[in-house]
Amino acid sequence: MKAFQVGLIGFGTVGTGLVRVLQEDACEIERRVGFPIRVRRIADLDTTRDRGVPLEPGVLSNDVDGLLSDPEVDLVVEVVGGYEPARTFLLRAIEAGKPVVTSNKALLAVHGEEIFAAAAKQGVDVGFEGAVGGAIPIIRAVKEGFSANIIEAVFGIVNGTANYILTRMTDDGGDFDAVLKEAQAQGLAEADPTFDVDGIDSAHKIAILANLCFGTPLRIEDVLIEGIRRIKPVDIDFARQLGHRIKLLVLAKRVGEELDVRVCPTMIPETHLISQVNGSYNAIYIKGDKADPNMLIGRGAGSLPTGSAVAADVIEIARNLRSGKGGRVPLLSYTPNARIPLRVRPHSEIVTSYYLRITVEDRPGVLSTISGIFERHSISIQTVIQKGRREKGHVPLVMLTHEAREGDIQDTLKEIDCLDVVNAPTMLIRVESGEGQM
């Protein structure tokens, strides 16, 4: 049977992984789909570097225009990354009537509505499994596996670099800067780690997931985004005393007719399975109204894990096209006319519990003064820890609150941090119980 022909734009880490998967597992893939899948053309700026995969002469070039206009190319894969020219490449492929596959989470989080609208107009599919969670088949699970559920919450760990850093800090006691340098030396963190450690990469992913889970457009600027740079070993020690671990958590959940969507360092009970997902692994937890809690764990990045997710999209679309059933599943899980804009809860209206580490002078009356401020703002304290290292007359005063409104907490901390007995900005970490313990 005639081979299904793929055009690949971008031959970096993910592109190389895709080619390896399609080459090394060619026989297995053909057994599953009934016909061979081949890479016909690859376009990349670098046509000389050895990627360690054999290519027939003429397959690799820098001719994107030739790839997009080639009538023998059945599907276009974009793994360039970034906003442009990736956006233009995808829109041109769609305009030419070709289905597309991408792992570009930043592009989809910011320009996804435009891309999906263009694809719907042309009647072509868009595969994007590799955009969230690497090898974890979360996109397909949401679109099909949970299609009989009203999804109530989705949260998890979706950045392996941040999870590796926090795991090393927790297990070995290192501070952030030292562990980050180690991760960079091992190739687990980029030379510029900003997107990973500041939560931006995770925000792109939760924006995509929330869109699928709740059937609503979501702007990246509506997501509360905080990274892990301020986490100190002392916070990890106090979390352990409180029976928690700190993870960079993404969270999207229904709150009435609103959504609470955030990315931030979060304390999770150490008894929850997601607290036990360590190293560079990712884990995504979904709670449906019928299925109850489910959690998927796997490698969240890397050449072969992400390459295999991209290959799975290629295989699915190839099957659909050969059977004449393209567009079988709505691109964004819900049919276009059934997607309903939901209000994203403003950051000041978020309600959760809080860990607060206040750096105070070691003198009588400090606790009562600070407790009085909490009382005036109607913030209820669950736990107080006063023990800890003393540094130049300063001691950490740790408080764990009951559920409170974010705006009230922030107003309280503004007043506390102005006290002459407080020597540094208060450290705040949100605390989640984990929706439906597993």
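The values are calculated or read from the model by the stated rules, or taken from the named source; none is laboratory data. What you see is a predicted model, and the numbers here were worked out from it, not measured in a lab. Positions of Cβ are backbone-derived with ideal geometry, glycine not excepted, and every protein chain shown enters the neighbour counts. When the accessible area is computed, the model is the full protein with side chains, heavy atoms only, and any ligands, DNA or RNA have been set aside. Shrake-Rupley method; radii C 1.70, N 1.55, O 1.52, S 1.80 Å.
With the requirement that a residue be open to solvent by 50 Å² or more (accessible area, probe 1.4 Å) and farther than 22 Å from Met267 by Cβ, what does the stretch 412-428 give you?
Residues satisfying the conditions are Lys414, Glu415, Cys418, Asp420, Asn423.
Answer with yes or no whether Glu258 is in contact with a His (Cβ under 7 Å, 6 or more places away or on another chain), surrounded by fewer than 17 Cβ atoms within 10 Å (Cβ to Cβ) and acidic (Asp, Glu).
No.
Can you tell me which residue in the stretch 307-332 is farthest from Asp260 (Cα to Cα), limited to those that are among the small types (Gly, Ala, Ser) and open to solvent by less than 30 Å² (accessible area, probe 1.4 Å)?
Selected residue: Ala318.
Can you confirm whether Gly156 is open to solvent by less than 50 Å² (accessible area, probe 1.4 Å) and in a loop (DSSP other than H, G, I, E, B)?
No, not satisfied.
Somewhere in the stretch 89-104, is a residue part of a strand (DSSP E or B), within 21 Å of the chain's Cα centre (by Cα) and at pLDDT 95 or above?
yes
Checking the structure you have, find out if any residue of the stretch 392-400 is more than 30 Å from the chain's Cα centre (by Cα), at pLDDT below 90 and charged (D, E, K, R).
Yes; the residues of the stretch 392-400 include at least one that is more than 30 Å from the chain's Cα centre (by Cα), at pLDDT below 90 and charged (D, E, K, R).
Of the conditions (1) of a type outside the set (S, T, N, Q); (2) touching a residue at least 60 places away in the same chain (Cβ under 8 Å); (3) surrounded by 23 or more Cβ atoms within 10 Å (Cβ to Cβ), Leu180 clears all except one; give me its number.
So the condition that Leu180 fails would be (2).
For the subset of the stretch 183-197 comprising residues that are under 17 Å from Leu248 (Cβ atoms) and acidic (Asp, Glu), which member is surrounded by the fewest Cβ atoms within 10 Å (Cβ to Cβ)?
Across the stretch 183-197, the extreme among qualifying residues is Glu190.
Kindly evaluate Val431 against the criterion of being of a type in the set (A, V, I, L, M), open to solvent by less than 60 Å² (accessible area, probe 1.4 Å) and modelled with pLDDT under 95.
Spelling it out, it is not the case that Val431 is of a type in the set (A, V, I, L, M), open to solvent by less than 60 Å² (accessible area, probe 1.4 Å) and modelled with pLDDT under 95.
If a residue has to be of a type in the set (Gly, Ala, Ser) and open to solvent by 60 Å² or more (accessible area, probe 1.4 Å) to count, how many in the stretch 53-95 make the cut?
Of the residues in that region, 2 qualify.
Just to verify a result, which residue in the stretch 352-385, among those that are in contact (Cβ under 8 Å) with a residue 60 or more places away in the chain and in contact with a Lys or Arg (Cβ under 7 Å, 6 or more places away or on another chain), is farthest from Met427 (Cα to Cα)?
If we take residues in the stretch 352-385 being in contact (Cβ under 8 Å) with a residue 60 or more places away in the chain and in contact with a Lys or Arg (Cβ under 7 Å, 6 or more places away or on another chain), then Thr352 is farthest from Met427 (Cα to Cα).
Restricting to strands (runs of 3 or more DSSP E) lying wholly in the stretch 246-365: which have 2 or more residues that are over 30 Å from Val422 (Cα atoms)?
Strands (runs of 3 or more DSSP E) meeting the threshold: 258-269, 281-288, 292-299.
State yes or no: is Val351 among the β-branched types (Val, Ile, Thr) and crowded, with 17+ Cβ neighbours inside 10 Å?
Spelling it out, it is not the case that Val351 is among the β-branched types (Val, Ile, Thr) and crowded, with 17+ Cβ neighbours inside 10 Å.
Of the numbered conditions (1) over 26 Å from Arg262 (Cβ atoms); (2) surrounded by fewer than 19 Cβ atoms within 10 Å (Cβ to Cβ); (3) under 27 Å from the mean Cα position of the chain (by Cα); (4) hydrophobic (A, V, I, L, M, F, W, C), Val366 fails exactly one; give the number of that condition.
Evaluating Val366 over (1) over 26 Å from Arg262 (Cβ atoms); (2) surrounded by fewer than 19 Cβ atoms within 10 Å (Cβ to Cβ); (3) under 27 Å from the mean Cα position of the chain (by Cα); (4) hydrophobic (A, V, I, L, M, F, W, C) leaves (3) as the failure.
Could you run through the stretch 208-245 and say how many residues are β-branched (Val, Ile, Thr), within 30 Å of Ile150 (Cβ to Cβ) and assigned to a helix (DSSP H, G or I)?
Here the count works out to 2.
Any residue at all in the stretch 397-410 that's under 20 Å from Leu242 (Cα atoms) and either without any contact (Cβ under 8 Å) to a residue 40 or more places away in the chain or open to solvent by 50 Å² or more (accessible area, probe 1.4 Å) (or both)?
Scanning the stretch 397-410, I find at least one residue that is under 20 Å from Leu242 (Cα atoms) and either without any contact (Cβ under 8 Å) to a residue 40 or more places away in the chain or open to solvent by 50 Å² or more (accessible area, probe 1.4 Å) (or both), so the answer is yes.
Filtering the stretch 369-387 down to residues that are open to solvent by 40 Å² or more (accessible area, probe 1.4 Å) and small (Gly, Ala, Ser), which residue is modelled with the highest pLDDT?
Looking at the filtered set, the residue picked out is Ser380.
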